[in-house]
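The values are calculated or read from the model by the stated rules, or taken from the named source; none is laboratory data. Keep in mind the model is a prediction, meaning the values are calculated, not measured. Quick reminder, even Gly has a Cβ in these numbers, built from the backbone with ideal geometry, and neighbours come from all protein chains shown.
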Amino acid sequence: MFTAAQKRSLLVGFGIIFAAAAFITLIWLGMFLPGFAGEVFRKMAGLMWTPLILDVSLFLLGIILILWLNIFIRAREGDEYVYLEQVESPPADLPEGARSVIFHEPPEPRGVGPGLAAIEGALELNDLSEATTLLYELPADQLEEPDVLALRIELSRRKGHDQKAAELLAELRVRSPHHPLCAESDPDPPGH
């Protein structure tokens, strides 16, 4: 009927209600003590049952209990902050459960890998406008990485911008001298 987690939650809830009822019962029973102790409990009970004080004290007791339980649960189970990855504009046949994923640890940065594959695909299809658009979508700090520079060189050559391709090749030689494109000779150095 109930899962183990639900049973545990019910037991904790009933335990809290029982503890509050026992506390109130002890104060009520304390009113029957003789002497000064009984007088103190009678004053406490009188104050507790005053309508305004009863409402405020029960509200504060509830808030304190909720905050204490929250702190206890967070200490036991860890922070509930998660990272959510969602598929932007998913295809219609993608199941609902595959459209997002929750990570408890921050995901590794994806880098430029998927973007580079899309640019390479556009270049293979000779879709130069799409390749240019995808290059502009890359973060500015990644435009100088060797793999991105190689794609920019290829795009510049296909568009007929040989001088720009030569400038980018020179920059690639400085940044990554062992890159395969650096082995080819510069057919037209800049300024000629």
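Observations on the model:
- Single residue of the range 31-72 satisfying the filter (of a type in the set (Gly, Ala, Ser) and under 22 Å from Gly15 (Cβ atoms)) that is modelled with the highest pLDDT: Gly62
- Ile63 vs. criteria surrounded by 11 or more Cβ atoms within 10 Å (Cβ to Cβ), part of a helix (DSSP H, G or I) and free of Cβ contacts under 8 Å to residues at least 40 places away in the same chain: no
- Residue among Glu154, Glu120, Glu145, Glu124 that is at pLDDT 80 or above, of a type in the set (Asp, Glu), touching a Lys or Arg at 6+ places or on another chain (Cβ under 9 Å) and within 22 Å of Pro180 (Cα to Cα): Glu145
- Only one entry in Leu151, Leu155, Leu135, Leu168 is touching a Leu at 6+ places or on another chain (Cβ under 6 Å) and surrounded by 17 or more Cβ atoms within 10 Å (Cβ to Cβ), namely Leu168.
- Note on the range 25-57: residues that are surrounded by 13 or more Cβ atoms within 10 Å (Cβ to Cβ) and under 30 Å from Ile73 (Cβ atoms) total 3.
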